[in-house]
Amino acid sequence: MATARSRSRSARATDLRWRGALAVLDEMRREPGVTRAAVARRLGLSTGSATEITSRLRDLALLAETPAAPASRGRPTSVLVPHPEGPVVIAVDLRQEDWRCAVAALDGRPVVADGGPHHSRAPERVMETVARAVGRLRDRYGERVRAISVAVAATVRHGTVVQSSVLGWDAVDLAALAGDAAVPAAPTGDAADPAVPTGNAGA
């Protein structure tokens, strides 16, 4: 019985530790450029707990710290930023006249990496062009890519464009944008199934 209680306490302690880590990441995403001291105040963390959590996230390549601008008073602190080798998502935006590919780290801030006008709205031409751009980003970021998100003004069912009056498409499989990548592709549209994975199961 004592052993079972010990395991239960250990499990609760582990759960609390990871809840604290997730809360820190959420604050970094909510306010890019937030300092560790500010996060500790908001979450009610002691200096030691904040240091332990950020150190653990840094070891997992999820978070990094850079020196904050010097303040007139108080101890020096650091700014929480996504780890330079941390996970990223490729975000594809298919619009009426053009397309864009962006990359977002754990702070959720998309950085446009590629894009251009549609030289043809024929779905095979657009998909081929965008798939090449996605492939280049996959090559650049390697295993850091954890998902590919596709936004399109269309009715989407199970990863397929059922109808898009904007693009003039129907029956277009968006999973093709992921190629053979072992990452999930999550399409969203005007009437998309929520978070439907259309690629292979990934990390």
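The values are calculated or read from the model by the stated rules, or taken from the named source; none is laboratory data. Just so it is clear, the model here is predicted, and its values are computed rather than measured. So basically every Cβ, Gly included, is an ideal-geometry build from the backbone, and we count neighbours across all protein chains shown.
A few remarks follow.
- Just one of the numbered conditions (1) under 30 Å from residue 64 (Cβ atoms); (2) outside any strand (DSSP E or B) is not true of residue 111: (2).
- For region 106-121, the set of residues classified as surrounded by 14 or more Cβ atoms within 10 Å (Cβ to Cβ) and at pLDDT 95 or above consists of 113, 114, 115, listed by residue number.
- Test result for residue 77, among the hydroxyl-bearing types (Ser, Thr, Tyr), over 24 Å from residue 25 (Cβ atoms) and surrounded by 15 or more Cβ atoms within 10 Å (Cβ to Cβ): no
- Taking region 93-132 as the range and being of a type in the set (Lys, Arg) and in contact (Cβ under 8 Å) with a residue 40 or more places away in the chain as the test, the residues that pass are 95, 109, 121.
- Looking only at residues of region 65-88 that are in a strand (DSSP E or B) and either touching an Asp or Glu at 6+ places or on another chain (Cβ under 9 Å) or modelled with pLDDT of 95 or more (or both), we find that the one that is farthest from residue 140 (Cα to Cα) is 78.
- Hey, residue 48 assigned to a helix (DSSP H, G or I) and more than 21 Å from the chain's Cα centre (by Cα) or not: yes
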